[in-house]
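Notes for the one structure printed next.
The values are calculated or read from the model by the stated rules, or taken from the named source; none is laboratory data. As the structure is a computational prediction, the values presented were derived from the model and not from experiment. Using ideal geometry, Cβ is built from the backbone for each residue, glycine included, and neighbour counts are taken over all protein chains shown. What goes into the accessible areas is simple: the full protein's heavy atoms, side chains included, and nothing from ligands, DNA or RNA. Shrake-Rupley method; radii C 1.70, N 1.55, O 1.52, S 1.80 Å.
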Amino acid sequence: METQIIRMNEQHMAKEQLEKAGGIIKSGGLVAFPTETVYGLGGDALNPESSRKIYAAKGRPSDNPLIVHIAKMEDLEPIVKEIPEAARKLSEAFWPGPLTMIFQKSDIVPYETTGGLDTVAVRMPVHPVAMAFIEAAGGYVAAPSANRSGRPSPTSAKYVEEDMQGRIEMIIDGGDVEIGLESTIVDMTVEKPMILRPGYITKEMLEEVLQSVSEDQTMMSLESGQAPKAPGMKYRHYAPKGDLTIVDGNEEQVVEYINKQVPFLQKEGHKVGIIGTESTIARYQGDVCKSAGSRQDETTIAKELYRILREFDDEDVTVIFSESFDTAGIGQAIMNRLLKAAGHKIIHI
Ligand code: AMP
Ligand code: MG
């Protein structure tokens, strides 16, 4: 299959191009598209065959449900059994935006899209190209991140191309994404809404709208002994090729600890990558040292993390050390993804 690549941004969204992209979805094909979080791999959410194709293109297990993307509030009602009052409030506050909510699904949503579940995850992205594309595609686009399973989610079209060239009909290149980490997922089917995956919309932000929300205890640690409530969270799907360890502690000690490991690992034939920050990066002595951004503004780190992990793959780094990040605000989402990528390997010093 030849994958067509077209460029679109807020200023340049040609009607014919949108119709072409939407037409591919309507006829059962796949189109990757930009959103504010990461690039999505879209198919018709109401067509079971499209969802099967998404799983095949990603090489993803089919018990891992897809998120249904909509472009307007009226489109929510037909795909869910009911809209709880709390969900209505969250939609008013955060839609369109990087928030996914879980509802009881209606009969028109096929089990192929929900990984066999009676619930459906729904999000309304704020990216102008995503919104126009979803409308052109008929209103319901099922989309997981547009990476091959086991690779970091793509934050630019270049990475979608690396993973999906020849496997899907079209890629819409809308430039680099804004946020760089997947949406916050909140389960609205339980009495007290529960965060299943942390993201840009934090617990504090949600609690400004709802009195209180709970958190899946498996998000940040393996210690609860429970299975994650969001099926996808059990897969180690943010994993780089190199063996990643997070090192947590005060700045001086972390730099010293990591630098001490480097010569031993190099002697064993390893190529060592290090994820630091603006204030530490010059002090590291690894083979490839990359700054993820500034601790003063952790949104910069969220935006760079997946790109850095991909670059380490490209440079065949075999061992990676990363600094640890605050677990407040967006930092919680950063740590959640890093812990997954590291298979929860973290050293506290
Ligand atoms: P993504 O990896 O960004 O495609 O996000 C999809 C993830 O959303 C899945 O891997 C699940 O973890 C979660 N998810 C989707 N639908 C549901 C659902 N009905 N119930 C719980 N989690 C869901
Ligand atoms: Mg994903």
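Annotations
- Rotationally averaged projected area of the stretch 174-320 (alpha carbon convex hull; nm²): 11.4 nm²
- Placing R0 at 56 angstrom, the Cβ-Cβ distance between Asp107 and Gln296 gives a FRET efficiency of 0.65 after rounding to 0.05.
- The share of accessible area on the chain that comes from carbon and sulfur is 48 percent, using a 1.4 angstrom probe.
- Average accessible surface area per residue within the chain, 1.4 Å rolling probe, Å²: 42 Å²
- Computed per residue of the chain from DSSP H runs no shorter than four, each worth -39500 (n - 2.57), the mean residue ellipticity at 222 nm is -8500 deg cm²/dmol.
- Principal semi-axes of the equivalent ellipsoid, √(5λ) from the alpha carbon gyration tensor of the chain, are 34, 24, 17 Å from largest down.
- Extension gain, Asp314 to Arg283, is 8.8 nm, computed as 0.36 nm per intervening residue step minus the present C-alpha separation.
- Global form of the stretch 60-135, assessed from the alpha-carbon gyration tensor, a/c cut-off 1.5: oblate
- Theoretical gain in end-to-end length, Glu256 to Glu16 [0.36 nm per residue, Cα-Cα removed]: 80.7 nm
- Sequence of Lys53, Lys260, Lys267 when ordered by accessible area, the most exposed leading, probe 1.4 angstrom: Lys267, Lys260, Lys53
- Under the span-like rule (Cα at least 18 Å along the axis, Kyte-Doolittle mean at least -1.0), DSSP H helices of the chain: 251-267, 299-314
- Reachable lysines, given that their alpha-carbon falls under 29 Å from the alpha-carbon of Lys53 and they are not under 8 places away in the same chain: Lys15, Lys20, Lys26, Lys72, Lys81, Lys105, Lys158, Lys229, Lys234, Lys241, Lys303, Lys340
- Most mobile of Glu278, Glu298, Glu74 in a GNM of the chain (Cα contacts under 10 Å): Glu74
- Residues of the stretch 170-197 with amide N under 16 Å of a point placed 7 Å along Cα→Cβ from Gln217: 194-196
- Classification of the stretch 144-204 by its C-alpha gyration tensor yields a prolate form. The axis ratio a/c (a ≥ b ≥ c) is 1.5 or more, and a/b outweighs b/c.
- For the stretch 12-62 versus the stretch 270-303, the spacing of their alpha-carbon centroids is 34 Å.
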